[in-house]
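Student: Structure incoming, see below.
The values are calculated or read from the model by the stated rules, or taken from the named source; none is laboratory data. Here the structure is a predicted model, which is why all the values come from computation and not from measurement. Here the Cβ is made from the backbone with ideal geometry for all residues, glycine too, and neighbour counts use every protein chain on show.
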Amino acid sequence: MMQQNKNANEIYILGLLTFLLMFSVSLIYPVMEEFVMKRFDIESVAETSLFVSVNLMAYVIFSLVWGSISDRMGRRKMFILAGFLGNSVLMFSLTLAPTMPVLLVLRFVEGTFTIMAFALLMTSVLDIVRKTHYGRGMGILGMGMALGNALGAPSGGRLGAIDPLYPLYFGSFMLLVGALIAAVALREKRLESRPSSIKEALFLLREEKWIFIPYAFSFVERFTVGFFVGVFPLMLGMKYGMGSETIGLYMAAFLIPFAMLQYPLGVISDRIGRVPPLIVGSILYGITVVSVGIVAPPYLVAVMAFGGVVGALMYPPSAALAGDFANPSKRGTAMGGFNLFGSLGFAVSPFIGGTIADLYGFQASFASAGLTVVIVALIFLPFLFRIGKR
């Protein structure tokens, strides 16, 4: 019983650390127009969105790297701590960048530390909870992630209304707080180390063929999130003339329900299975994303809120499904792959969305994002039904 209480407490600490990480990194998004576009005289949406894309490309490259190395060393805490400290230093360095190319280089390096912390926070949940509780474990982590984004966006908007650099200063400080909590509150649970390599990590899909299904849903879910952080703020500013504070509130309309429903929907996925919420959530979520480019304010708030609700149906079951299929000795690698596919979707979407917006408008941009989710859900529908019968 005492061990179970310790594990439960540590899961909540992992959720808190995820909250602090996501809160800090999302502070900047509402002020992208002022911090990037105006500061460096950038004219196109696509070029501005590179600020998001290069950061996320680091996620793609290093997701499997950190997970594989962590499996090999049998340690998690040291990577989480290093991720928070490195991210803090790099976030502050962004305020000193003299040119756009330097800014993008620093932004890429920052991303390597962000994914180091996030990937190992996610893997640590699987180390602690029983397999039958993966859904609620991922729900707690998802709640921390989404709530951090939900509160970070409006907070960044308010701070950015005073000075576009303030969100970065505050984010750097909050990451130091996260590092202190990780150092004091997390236990370095010594796991059985095993020989591991990046080559082996890349062969995981061949060994665990069903794991590609949650990986695909991770890709499309994060693909749409890239539109929300890279294109949506610019749409509100350029098309509707909103300031950074209002933009942050519109982003929160999506992120708050997305955050608050992570845990209860994760529990439901443990009880009824991963497949029903994943199918229903994906189709409704894709339709809602299409609507974002069509519905104008103030009704857009309702669309965003509904998108948060149905989006929360997707994340816990897809992440838990990856844990279900993972060999216990390769959890870090498996969740690294889950993050890799999600980060790949996240990385390419701001530039793709920005390019479509430049050429055809914001409506076409969000239509492409939403239809991608629906198409992937329909493609994998037969496979999901097979899983449901297992």
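Student: Is at least one residue of segment 259-278 of a type in the set (Gly, Ala, Ser), over 13 Å from the mean Cα position of the chain (by Cα), part of a helix (DSSP H, G or I) and surrounded by fewer than 24 Cβ atoms within 10 Å (Cβ to Cβ)?
Tutor: Of segment 259-278, the ones of a type in the set (Gly, Ala, Ser) are 259, 266, 269, 273.
Those left that are additionally over 13 Å from the mean Cα position of the chain (by Cα): 266, 269, 273.
Going one step further and asking which of them are part of a helix (DSSP H, G or I), we end up with 266, 269.
Subsequent filtering for residues that are surrounded by fewer than 24 Cβ atoms within 10 Å (Cβ to Cβ) retains none.
The answer is no, given that none of the residues of segment 259-278 is of a type in the set (Gly, Ala, Ser), over 13 Å from the mean Cα position of the chain (by Cα), part of a helix (DSSP H, G or I) and surrounded by fewer than 24 Cβ atoms within 10 Å (Cβ to Cβ).
Student: Go through segment 28-40 and report how many residues are touching a helix residue (DSSP H, G or I) at 6+ places or on another chain (Cβ under 9 Å), assigned to a helix (DSSP H, G or I) and not hydroxyl-bearing (Ser, Thr, Tyr).
Tutor: 8
Student: Of the conditions (1) modelled with pLDDT of 90 or more; (2) within 16 Å of residue 150 (Cβ to Cβ); (3) surrounded by 23 or more Cβ atoms within 10 Å (Cβ to Cβ), residue 282 fails just one. Which one is it?
Tutor: If we test residue 282 against (1) modelled with pLDDT of 90 or more; (2) within 16 Å of residue 150 (Cβ to Cβ); (3) surrounded by 23 or more Cβ atoms within 10 Å (Cβ to Cβ), just (2) comes out false.
Student: Search segment 41-76 for residues being assigned to a loop (DSSP other than H, G, I, E, B) and out of contact with any Ser or Thr (no Cβ under 7 Å at 6 or more places or on another chain), and hand back the single one that is farthest from residue 157 (Cα to Cα).
Tutor: Of segment 41-76, the ones assigned to a loop (DSSP other than H, G, I, E, B) are 41-44, 49, 74-76.
Restricting the remaining residues to those that are out of contact with any Ser or Thr (no Cβ under 7 Å at 6 or more places or on another chain) gives 41, 43-44, 49, 75.
Numbers: 41: 21, 43: 21, 44: 21, 49: 18, 75: 37 Å.
Across segment 41-76, the extreme among qualifying residues is 75.
Student: So for segment 39-46 (the condition being closer than 18 Å to residue 223 by Cα and either of a type outside the set (Lys, Arg) or free of Cβ contacts under 8 Å to residues at least 12 places away in the same chain (or both)), does at least one residue qualify?
Tutor: Within segment 39-46, the first condition is being closer than 18 Å to residue 223 by Cα, and the residues that meet it are 45-46.
Now narrow it down to the ones that are either of a type outside the set (Lys, Arg) or free of Cβ contacts under 8 Å to residues at least 12 places away in the same chain (or both): 45-46.
Yes, some residue in segment 39-46 is closer than 18 Å to residue 223 by Cα and either of a type outside the set (Lys, Arg) or free of Cβ contacts under 8 Å to residues at least 12 places away in the same chain (or both).
Student: Please specify each residue of segment 336-390 satisfying the condition of being small (Gly, Ala, Ser), part of a helix (DSSP H, G or I) and more than 27 Å from residue 121 (Cα to Cα). Before you say what the answer is, go through the steps one by one.
Tutor: Kept after step one, since they are small (Gly, Ala, Ser), are these residues of segment 336-390: 336-337, 342-343, 345, 347, 349, 353-354, 357, 361, 364-365, 367-370, 377, 388.
Checking which are part of a helix (DSSP H, G or I) leaves us with 336-337, 342-343, 345, 347, 349, 353-354, 357, 364-365, 367-370, 377, 388.
If the condition is that a residue be small (Gly, Ala, Ser), part of a helix (DSSP H, G or I) and more than 27 Å from residue 121 (Cα to Cα), then 353, 354, 357, 364, 365, 367, 368, 369, 370, 377, 388 are the ones that fit.
Student: What are the residue pairs meeting all of these: first residue in segment 136-155, first residue of a type outside the set (D, E, K, R), second residue buried (at least 24 other Cβ atoms within 10 Å of the Cβ) and not in a helix (DSSP H, G or I), Cβ atoms under 8 Å, and 6 or more apart or on different chains?
Tutor: 152/27; 153/27; 155/27
Student: Something else about it: Just name the residue that is surrounded by the fewest Cβ atoms within 10 Å (Cβ to Cβ) out of those in segment 229-248 that are within 24 Å of residue 315 (Cα to Cα) and modelled with pLDDT under 85.
Tutor: Top of the filtered list is 229.
Student: Related question: Do you know which of the residues in segment 299-344 that are within 15 Å of the chain's Cα centre (by Cα) and modelled with pLDDT of 85 or more is nearest to residue 285 (Cα to Cα)?
Tutor: Among them, the one singled out is 311.
Student: Is it the case, given these coordinates, that residue 192 is among the acidic types (Asp, Glu) and at pLDDT below 85?
Tutor: Values: among the acidic types (Asp, Glu): yes; at pLDDT below 85: yes.
Yes.
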